Amino acid sequence: MEQRVLGRTGRPVSIVGLGTWQLGADWGDVREEDALAVLEASVEAGVTLFDTADVYGDGRSERLIGRFLKDRPEAEVFVATKFGRRVEQRPEHYHLANFRAWADRSRSNLGVERLDLVQLHCPPTPVYSSDEVFDALDTLVAEERIAAYGVSVETCAEALTAIARPGVASVQIILNAFRLKPLERVLPAAAAAGVGILARVPLASGLLSGRYSERTVFPADDHRTYNRHGEAFDQGETFSGVDFATGVEAAAEFAALAPEGATAAQTALRWIVQQPGVTTVIPGARNVAQARANAAAAGLAPLPQATLAAVRELYDRRIRPQVHDRW
């Protein structure tokens, strides 16, 4: 699989990675053996980046990755984790003592001496402007608890503030065919600064797979049931903030743009990796078939200009009026 350098980490990673929120919680139950099989299938397909967080299943996702990598020491996988969401979201909780404790917990979960990448996990907006926060992260690097740090953001404004920080190696941001705003300023700014971009929620919580209808019912413990209006965390994490009915109708139009031999989901992933400035896209997978299909998107031919224009037209007509200015 094609590799790109992840910003200031200096490390090459696959253009299609694996997001492991599904293997922790909030997407319904995934059995341990199924989760490990997803990790195995992804590596076999050429994936070299796993994205996780200490809050996914209260560490379950990290522990599963740690177990997998212990059993597969030859697998050269870059693990990007996140911390900060296990406490009440107040800026004063983002300090060195907590960072050390959080990093040490993730190191233990993953079974490593030094974390490849730690990302602030969508912290309160004032955190991005705090010199003390980034000094603390620099201290973790100096102490060799972490090799590099980045941020995961909710808004473009937060991303731009983070990109201006000289120590920030990467920015993780929601980017998909239903969320185009990062294309305007964030991706160009990241490219100019040498900051890597991890594109998350690439299928708009599955909408862009084209598999759902208005009658689709998700399990009670799936965030697509309980967070549609931001009841539990930021609304943008669920269907990219798009109203479900609108999203289903727009997804059907998007699916019609898929080239012969490619699924709608693969087309959505291919569209993302074509955007200038993107390092990697991190779709999730609940089973081996999904993991393999996601990885195969890296091998698709580039989408033609006509398809790219059609995606933009669909966004401007159906999605932009509802969500663009919000994010």
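Among residues of region 259-285 that are within 16 Å of Val13 (Cβ to Cβ) and in contact (Cβ under 8 Å) with a residue 40 or more places away in the chain, those with a beta-carbon under 7 Å from a residue that is open to solvent by 30 Å² or more (accessible area, probe 1.4 Å) and part of a strand (DSSP E or B) at least six positions away or on a different chain give the pairs Thr279/Arg4; Thr280/Arg4. Note on region 109-165: among residues that are assigned to a loop (DSSP other than H, G, I, E, B), open to solvent by 10 Å² or more (accessible area, probe 1.4 Å) and β-branched (Val, Ile, Thr), the one that is farthest from Gly7 (Cα to Cα) is Val112. Scanning region 256-268 for residues that are open to solvent by 40 Å² or more (accessible area, probe 1.4 Å) and in contact with a helix residue (DSSP H, G or I) (Cβ under 6 Å, 6 or more places away or on another chain) yields a total of 1.
Residues that are touching a residue at least 60 places away in the same chain (Cβ under 8 Å), open to solvent by 40 Å² or more (accessible area, probe 1.4 Å) and not small (Gly, Ala, Ser) within region 190-232 comprise Pro219, Asp221, listed in sequence order. Scanning region 134-158 for residues that are closer than 14 Å to Val195 by Cβ and within 14 Å of the chain's Cα centre (by Cα) returns Gly150, Val151, Ser152, Val153. Do we have any residue at all in region 269-280 that's buried (at least 20 other Cβ atoms within 10 Å of the Cβ), closer than 25 Å to Ser152 by Cβ, of a type in the set (Gly, Ala, Ser) and out of contact with any Asp or Glu (no Cβ under 9 Å at 6 or more places or on another chain)? No, there is no match, as no residue in region 269-280 is buried (at least 20 other Cβ atoms within 10 Å of the Cβ), closer than 25 Å to Ser152 by Cβ, of a type in the set (Gly, Ala, Ser) and out of contact with any Asp or Glu (no Cβ under 9 Å at 6 or more places or on another chain).
Within the bounds of region 80-89, is there any residue that is among the hydrophobic types (A, V, I, L, M, F, W, C), in contact with a His (Cβ under 7 Å, 6 or more places away or on another chain) and either outside any strand (DSSP E or B) or under 20 Å from Ala295 (Cα atoms) (or both)? Yes, region 80-89 contains at least one residue that is among the hydrophobic types (A, V, I, L, M, F, W, C), in contact with a His (Cβ under 7 Å, 6 or more places away or on another chain) and either outside any strand (DSSP E or B) or under 20 Å from Ala295 (Cα atoms) (or both).
The values are calculated or read from the model by the stated rules, or taken from the named source; none is laboratory data. Every value quoted in this text rests on a predicted model; they were computed, and no experiment measured them. Reconstructed Cβ throughout: ideal geometry from the backbone, glycine too, with neighbour counts over all protein chains shown. Side chains are part of the model used for accessible areas, which takes the heavy atoms of the whole protein and leaves out ligands, DNA and RNA. Shrake-Rupley method; radii C 1.70, N 1.55, O 1.52, S 1.80 Å.
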